[in-house]
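Notes for the one structure printed next.
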There are 2 protein chains.
Amino acid sequence: MNPIEGHLPTRSPLHDILAPTGIAVVGASADPTKRGYKAMVGLIKDGYRGEIYPVNPKADMILGVKAWPSVTAIPGSPELALICTPAPSVPGLIAECGRRGIKGAVILASGFAEIGGDGAELEREMMEKARAHGVRLIGPNTSGIFNLHHKVNLLALDNVKPGDVGIISQSGNMLLSLALEAQHNGQVGFSTYVGPGNQSDIGFNDYLRYLGEDEHTRVATLYVEGFRDGRKFLEVAREVTAMKPVVVYKSGSTEQGQKAASSHTGALAGSYAMTVDLLRQAGVSVVQYSDEILPVAEGLGLLQKARGKRVAVISDGGGQATIASDRLAEAGLELAELSEATRQKLRDVLFPQASTVNPVDVAGSTDANPSLLATCMEIVAADDNVDSVFLVGMFGGYSIRFAESLLGDEMRGAEAMVDLSNATEKPLVIYSLYTPIKPPALRRLHEAGLPVYASIEQSVRVLSALGERGQYLAQTNRQARESAVEPRPELTAMFQQARAEGRDLFEYEAKRLLRDHGVQVPEERVVRDEAELADAASLFAGESGDTPLAMKVVSKDILHKSDAGGVKLNVVGEAAMREARQAILASCLAYDASAEIEGVLVTPMAKKGVEVIVGVIRDPIFGPVLMFGLGGIFVEILEDVAFRSIPLSRFDAESMVEQIKARKILDGVRGEKAVDKAALVDLLLTVSRLVEAYPALSELDLNPVIVNADGYAVVDARVIVERDAESTDKDADA
Amino acid sequence: MNPIEGHLPTRSPLHDILAPTGIAVVGASADPTKRGYKAMVGLIKDGYRGEIYPVNPKADMILGVKAWPSVTAIPGSPELALICTPAPSVPGLIAECGRRGIKGAVILASGFAEIGGDGAELEREMMEKARAHGVRLIGPNTSGIFNLHHKVNLLALDNVKPGDVGIISQSGNMLLSLALEAQHNGQVGFSTYVGPGNQSDIGFNDYLRYLGEDEHTRVATLYVEGFRDGRKFLEVAREVTAMKPVVVYKSGSTEQGQKAASSHTGALAGSYAMTVDLLRQAGVSVVQYSDEILPVAEGLGLLQKARGKRVAVISDGGGQATIASDRLAEAGLELAELSEATRQKLRDVLFPQASTVNPVDVAGSTDANPSLLATCMEIVAADDNVDSVFLVGMFGGYSIRFAESLLGDEMRGAEAMVDLSNATEKPLVIYSLYTPIKPPALRRLHEAGLPVYASIEQSVRVLSALGERGQYLAQTNRQARESAVEPRPELTAMFQQARAEGRDLFEYEAKRLLRDHGVQVPEERVVRDEAELADAASLFAGESGDTPLAMKVVSKDILHKSDAGGVKLNVVGEAAMREARQAILASCLAYDASAEIEGVLVTPMAKKGVEVIVGVIRDPIFGPVLMFGLGGIFVEILEDVAFRSIPLSRFDAESMVEQIKARKILDGVRGEKAVDKAALVDLLLTVSRLVEAYPALSELDLNPVIVNADGYAVVDARVIVERDAESTDKDADA
């Protein structure tokens, strides 16, 4: 259950299926327009060394390979079957595969759960057969798989070369698009591709675990429409990202996109913002645009991680230095402040009109001497204030633009950059406006493992991903398990009683739970009669006797207290309290005559401060998730909320508070003091621990929590109790 | 002065300079590393047909052309001089050029105002000579110019072809980058390029006017670090965008970028958000990223404008349809709702498993028949609910991916798309994942003037620009001049008196100005003594006598009324008013014993509603600008503000209210009614008219204005009075 303590099994069962010693092609065909033909061609052309068993009742030979009339008739025991036949034939074929000892099947057909109705029924039937016969399924509704290091190329893609980028994509066109980009780029190669399709059996978490283990994969790259078991995926992602980069493009950033995804793979969308937060929490590099996927994957695979956000820009054009500065700032990266020693070294090699303030603008110094750019990169890379180096401009094109005779010097510059990249632990990110025409110096860089990017924008996304990854890995040693809290028997009993009564916790119970675990909740009393009211009045009177109080109805039947007239604020003095209590009771009974009223809660009004919200939700895909944001319009209109999967590390809690756009308000505006963020972080961590300690705590809503420079106060608290769906208690209540 | 009524002169003087009949190359050289060599090569190689006069005291011939020892020695009268010599030589050379009758000079050298100090002095000296001798200057600190239709290629760029994209760029590298992109793209060509450099003489507005008039330019494309005369630029842009698209990339979106720009071209940055709003108001297509410039320029030049935001997506892959849906929604575009008739026509040609709900997913229907994609495009283009058509997927690559035999059908599909683009008034935007490898069908489309984009993201930016431009042009007929207001003599006198007293308007004067011109300002009285207080008490008592009042000090010496204890709210009844007045007077005198206190302003408390801010500022670059936003954190923390250049059209005012992110709050949240937006729009228009009617109105701040379903109330108003810098009145006061 606990993702941090969990361990991956030693080896994913997918290795056998994805690197099979034999493959049955069910629905193999000699018709070039059929997928059963394509797959045969792919295997034969790429030189697959295992056994191939074409299955087709109407053919004896297909592409020179002996064909078999049925799966049952195959003589050997291939590990994998590719099923190219239409949806209705699939359940029967899966059963046959199982009987033949086939371990896994790739099912291309669509027409299953993604179309609903009969399709969903067919998918259930197929899964039953698969479980009964021990066959693992890839798909259905998938474009297929390849594993280029084992010469398994069931898609028969031309022009893809073996390499170290693994891809799991719910879009076949996305794979094709990446393959064509790679072909054009000339350097990127691929290890394994899988289209998970509807994920009826094997899901993203299984595939990611496989890529994590796969020695040929250096970067795992995923196009995801929806996760089946998001919580499991996060667990696997946390393990894999500790070893290698994981790049995810998640579709459905808008309602419009979620609808489209659902009709494509039947994926459950969920909140995009939440998904992105949870993936990042697990160390995943999330890309926002589809045209960033390959550049970011290549950069993460090849370049050093950045230790921080401070970038040194070396540029031979002031305009592009300006553009780079804008993009870096927008991405939350900083222009490194170069040390005086560094600036002096730059002055020593550059013309006097050069700018040695970052962004460095060589201002013509390199026109006759482009290898000087490498010298500048070396100088700034040696500066302790610099975390990464960004070359911007026309390197690679000097010999084209100025004089052919500069080619030698440019090639020397390229070699110096390659040497530097091997000598430094800082990433060198290179943008050249000559990238589209691939001149020799850029080809040399690329071949030596230094990618060259085609736009400033792409480069900055790579710098940003390198920085995020470096930061993530640096803080994992701070990810030590936060001490858990021990559940207290009397509080566990409180949950049990609420459950027995078919209700959630009363506000005062929720507050007791919090208070007993060290959360700052202002003192309060539930007043059931006049005597208790008098006690409360004297308790809260304060020295001057005029402490303003808040009074609220306590009733399991009244959810919207304000609407029922169940709330009175700024009540001062016993007489006014008495009056307020009567008014609340009258108003609530008028609102709901059958409401059972427990009493009236009395508490001092909260001090001034910023209203924040802390919540726990149970997401159907990701399980228990903590949310944090500022109250009011920030949540409702601006959706300015941070999410983290529970349990949280201290780093998670801290980063959550810093993530929201409205953090400036927490830092103090209009002369207000900054709020006590450390106290807020403790609150978030405590809530996270409570969710673990009390499994009956299903959801929680602290709204508002008032936070100021002196700490915070939980003003209102709701706790939803986990109930069995078939609860007899609930039935008894009804 | 008035940009709407202004008229462009019949012909820009730049035509002569940019299409000269003769060119002097001052500093011409036989050394291939020098710019004075490059320019000669460019002119000779491109076949420039005018006279070339190399100027170099040390050479008789340069590249086979007779050289002259000085500008004075040139026998003819070239229209243009290219000056390649260092900065200190420039002022003297400009004088010589003038004496020789040369109309314009391009000055490459840097080392002028952008480095400050001596450089700024040198620039002043150069400008003096230029004015004295009637020479117009391009630069300094420029990469030069070209005019390919006249074979003037002073940059000696290879591989650029004449075409219809004009470029004005303060970055030479940006021009190079666009040229290389165009070379790779294969279809885009250029007309004129100018690097404005420091704009000491000729500025962006002049260059844009030239491109507007230039018959060879279909799209004007600008990279801008800073405008010199922003208001003039907007005026010219408004005229040019009515004729042809103008694409602007403005650098300095961040403080970091603004600093870099300032050290590059000495540009004054100004607010990026304001600049973007004002450019859009003038019909400019603003692009946010440098790698969008060429795709957007090409699309705007070649494709039809969209009449609206409703896009029909035709896709052969569900994943990419999903990505397209997300990007469209993010860009504020909509998926068109296809009519039942359209869906039936799609069903008639597609497989049953195809999705005919937009995004249309052909789901394999086109695998053996790719020209069907053109049929689908034709079907949706005929639907009245569709404003533009977006093809997404692998068109062009069917013959590569599936079977070579499909090439013929693909070429037929391409022809059908070309025919459709000629027959329909709706834009067809095509993305293919095969764009990087340029297969024949895509080449055919491109040659026929249908650009093919390399990513979904780029395509959506083009769709968005087409939609914005269509909308802009559609509303220009609504841009009729709003009726002006006549200044009233007594209000003009009020301004004069304030100016004479060396002060801004008092709040009650500002409100009188507004009220007298129909703005809803709650009634109020300035109370100077007990008798006036009694009058005010009876005036505002209301029927029940308990109308809560606001009271505020009136004094030119007290700017921050609250800090001085000069404000009391919710005052009820004459006795309380008396007490409040005494308290205000005492407190203000304690705050500033020498303050001259006019009286105390009394007004009923405003009704509940949303707080908005309306302001007028005088921007040093753009002149009078109106701003609108929600009050409090929206302005201060989120910078959620809209700007428009004054005067505003009704469309401008309407679009301003709809532009802010917090508009949901105006539309009503938590069950509140929507506010009266029409009243708000009238307020904005009235303020705009007041600025024109009263030139002494320098700045204005209505903060807050409370707006609700019944209208608005201006609660506080400040008006800053335009004063002469050397005002003797002010001196007399001091």
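Computed from the coordinates by the stated procedures, all read-outs in this text should not be read as laboratory data. What you see is a predicted model, and the numbers here were worked out from it, not measured in a lab. FYI the Cβ positions are ideal-geometry reconstructions off the backbone, even for glycines, and counts take in every protein chain you see.
For this structure, a couple of remarks:
- Overall, the range B:134-261 carries a charge dipole of about 100 debye about its Cα centre when +1 sits on the Cβ of Lys and Arg and -1 on the Cβ of Asp and Glu, all other atoms neutral.
- A simple spin-label model places pseudo-atoms 7 Å from Cα toward Cβ; at residue A:674 and residue B:579 they are separated by 4.2 nm.
- Relative packing of peptides A:661-668, A:257-264 - highest average C-beta neighbours within 10 Å first: A:257-264, A:661-668
- Whole-angstrom gap from the range B:552-620 to the range A:495-546, using each part's C-alpha centre: 43
- Here the mean projected area of the convex hull built on the C-alpha positions of chain A is 39.2 nm².
- Rounded to whole numbers, the Karplus 3J(HN,Hα) couplings from phi for the range A:486-499 are 7, x, 9, x, 5, 7, 4, 5, 4, 4, 4, 5, 4, 5 Hz, using 6.51 cos²θ - 1.76 cosθ + 1.60 with θ = phi - 60°, and x at Gly and Pro.
- Most to least packed among B:704-715, A:585-596 [average Cβ atoms within 10 Å]: B:704-715, A:585-596
- Here the dipole of the protein assembly as shown is about 4240 debye; that uses its Cα centre as origin and unit charges on the Cβ of Lys and Arg (positive) and Asp and Glu (negative).
- Principal-axis tilt of helix B:340-349 within chain B, Cα atoms, nearest 10 degrees: 20
- Sorted ascending by nearby beta carbons within 10 Å, beginning with the fewest, A:716, B:652 become A:716, B:652.
- Partner chain coverage, peptide A:166-176 - average Cβ within 10 angstrom: 4
- Residue mean of other protein chain beta carbons inside 10 Å, B:181-188: 2
- Förster-model FRET efficiency, 60 Å R0, residue B:500 and residue A:658, C-beta, rounded to 0.05: 0.65
- Positive-end residue of B:127, B:675, A:418, charge dipole of the protein assembly as shown with Cβ unit charges: A:418
- Here A:62, A:379, A:314 are placed in order of increasing Cβ neighbour count within 10 Å, fewest first, which gives A:62, A:379, A:314.
- Average projected area [Cα convex hull, the range A:313-418], square nanometres: 6.3
- Anisotropy class of the protein assembly as shown from Cα gyration tensor, a/c 1.5 cut: oblate
- Summary value for the range A:464-566: 18 percent relative contact order, contacts being C-alpha pairs under 8 angstrom separated by 6+ residues.
- Tail weight of P(r) past 17 Å, computed on alpha-carbon pairs of the range A:152-196, percent: 19
- Neighbourhood net charge (13 Å Cβ-Cβ; Lys/Arg +1, Asp/Glu -1) for residue B:304: +2
- Average Cα contact separation per residue, the range B:105-197, under 8 Å, 6 or more apart, as relative contact order %: 31
- Under 9 Å, Cβ to Cβ, from residue B:701 - net charge with Lys/Arg +1 and Asp/Glu -1: -1
- In order through the range A:555-562: 3J(HN,Hα) via Karplus (6.51 cos²θ - 1.76 cosθ + 1.60), integer Hz, x for Gly, Pro: 7, 6, 8, 10, 8, 9, 4, 5
- For the range B:137-151, there are no residues whose amide N sits under 16 Å from a probe point set 7 Å from the Cα of residue B:44 along the beta carbon direction.
- Here the contact order of chain A, divided by its residue count and restricted to Cα pairs under 8 Å and six or more residues apart, works out to 8 percent.
- Sorted ascending by nearby beta carbons within 10 Å, beginning with the fewest, A:201, B:316, B:676 become B:676, A:201, B:316.
- FRET efficiency estimate (nearest 0.05) - Cβ-Cβ, residue A:382 to residue B:51, R0 41 angstrom: 0.15
- Cα lying deepest toward the dipole's positive end in the range A:610-721, options A:637, A:704, A:653, charges on Cβ: A:653
- In loop segments of the range B:330-372 as defined by DSSP, the GluC sites (Glu not before Pro) with at most 16 further C-beta atoms inside 10 Å of their C-beta are B:337.
- Amide H contacts for residue A:335 (H built 1.01 Å from N in the peptide plane; partners 5 or more residues away or on another chain; cut-off under 5 Å): A:311.
- Degrees between helix A:650-659 axis and first principal axis of chain A (Cα, 0 to 90, nearest 10): 90
- Taken about its Cα centre, chain B carries a charge dipole of about 2140 debye when Lys and Arg each add +1 at the Cβ and Asp and Glu each add -1 at the Cβ.
- CD proxy at 222 nm, helix term only [per DSSP H run n ≥ 4: -39500 (n - 2.57); per residue of chain B; nearest 500]: -11500 deg cm²/dmol
- With a simple spin-label model that places each label point 7 Å from the Cα along the Cα-to-Cβ direction, the separation between residue A:425 and residue B:368 comes to 6.1 nm.
- Degrees between helix B:407-423 axis and first principal axis of chain B (Cα, 0 to 90, nearest 10): 50
- Within the shell defined by Cβ-Cβ distances under 11 Å, the residues around residue A:68 carry a net charge of +1, with Lys and Arg each +1 and Asp and Glu each -1.
- Inter-chain shielding of A:642-648 (mean C-beta neighbours from other protein chains, 10 Å cut-off): 0
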